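The values are calculated or read from the model by the stated rules, or taken from the named source; none is laboratory data. A quick note: this is a predicted structure, and the numbers were derived from the prediction, not measured. Glycine gets a Cβ as well: all are built from the backbone with ideal geometry, and neighbour counts include every protein chain shown. Side chains included, ligands, DNA and RNA excluded: accessible areas come from the protein's heavy atoms. Shrake-Rupley method; radii C 1.70, N 1.55, O 1.52, S 1.80 Å.
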Amino acid sequence: LSRGDADRALMNLVEPNEHESKAVDMRMELDLRLGAAFTRFNTLALQRAGVGLPVDDKGKSIVSYGPCQFPTLGFIVQRKWDIDAHVSEDFWAIKCSHSREGTTTQFEWSRGRLFDRAFASALHDLCVRANSATVIDVDGQESKRWPPHPLNTIEMQE
């Protein structure tokens, strides 16, 4: 859960959904019961088979299992791969403004960003040559596309 998620939730409070709340309670209960039962089963089966289990700092040999561990690990690994695979790309945008009687209006192309420099340059040239507008200044600023946020389970529910 990110800070932005928490802030948005606090700014848009609604009555809790009883069905969602009960579903969460049920999943927790199932995870606990299945995890405890399967942990016990695995530990005893491996001990009876004579498998040397590692000992924890409390002197116990337990093979822990939780039904949510594997899918959660999968989500975390996939998110890590997505972040590692992220490649920043240069882009261009067409923006202009018009000033009249002390009021300036900003215009932006509805398509947003252009990832083809030659096409952006061609459009810029068309704007410069058009007689219905005048390009006074062309400037730029570095803008970055940020990689995805770390694992956010809220996104998975949408």
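Anyone know which of R145, R117, R100 comes out most mobile in the 10 Å Cα GNM of the chain?
Of the options given, R100 has the highest mean-square fluctuation.
Could you do me a favour and compute the accessible area per residue for the chain, 1.4 Å probe, result in Å²?
Result: 88 Å² of accessible area for each residue.
Thinking of the range 75-127 as a set of Cα atoms, what percent of all their pairs are more than 15 Å apart?
Distances greater than 15 Å cover 64 percent of the Cα pairs.
Roughly what would the spin-label model give for V128 and W146, points 7 Å off Cα along C-beta, in nm?
Each label point is offset 7 Å from its Cα along the Cβ direction, giving 3.5 nm.
Please compute one quarter of the surface area of the Cα convex hull for the range 47-135 and express it in square nanometres.
Answer in nm², one decimal: 13.6.
Based on DSSP H runs of at least 4 residues, each adding -39500 (n - 2.57), what is the mean residue ellipticity at 222 nm of the chain after dividing by all its residues, to the nearest 500 deg cm²/dmol?
Taking each H run of at least 4 residues, the total per residue is -15500 deg cm²/dmol.
Which percent of the accessible heavy-atom area of the range 26-106 goes to carbon and sulfur, probe 1.4 angstrom?
In the range 26-106, the share of accessible area belonging to carbon and sulfur is 59 percent.
On average over all directions, what projected area in square nanometres does the range 22-87 have, based on the convex hull of its Cα atoms?
Over all viewing directions, the range 22-87 projects a mean Cα-hull area of 7.0 nm².
Please report the relative contact order for the range 1-103, taking Cα pairs under 8 Å with a sequence separation of at least 6, and give it as a percent rounded to a whole number.
21 percent
Would you tell me the accessible area of M26, worked out with a 1.4 angstrom probe on the heavy atoms of the protein chains, in Å² to the nearest 10?
Result for M26: roughly 110 Å² accessible.
Given that just one value was derived from the coordinates, which of (1) 87, 41, 24; (2) 51, 36, 27; (3) 87, 38, 16 is Cα extents along the principal axes in Å?
This structure yields the entry labelled (1).
If each residue of separation counts as 0.36 nm, what is the full-extension length gain between D116 and A37 once their alpha-carbon separation is subtracted?
Extra length available between D116 and A37 comes to 22.7 nm.
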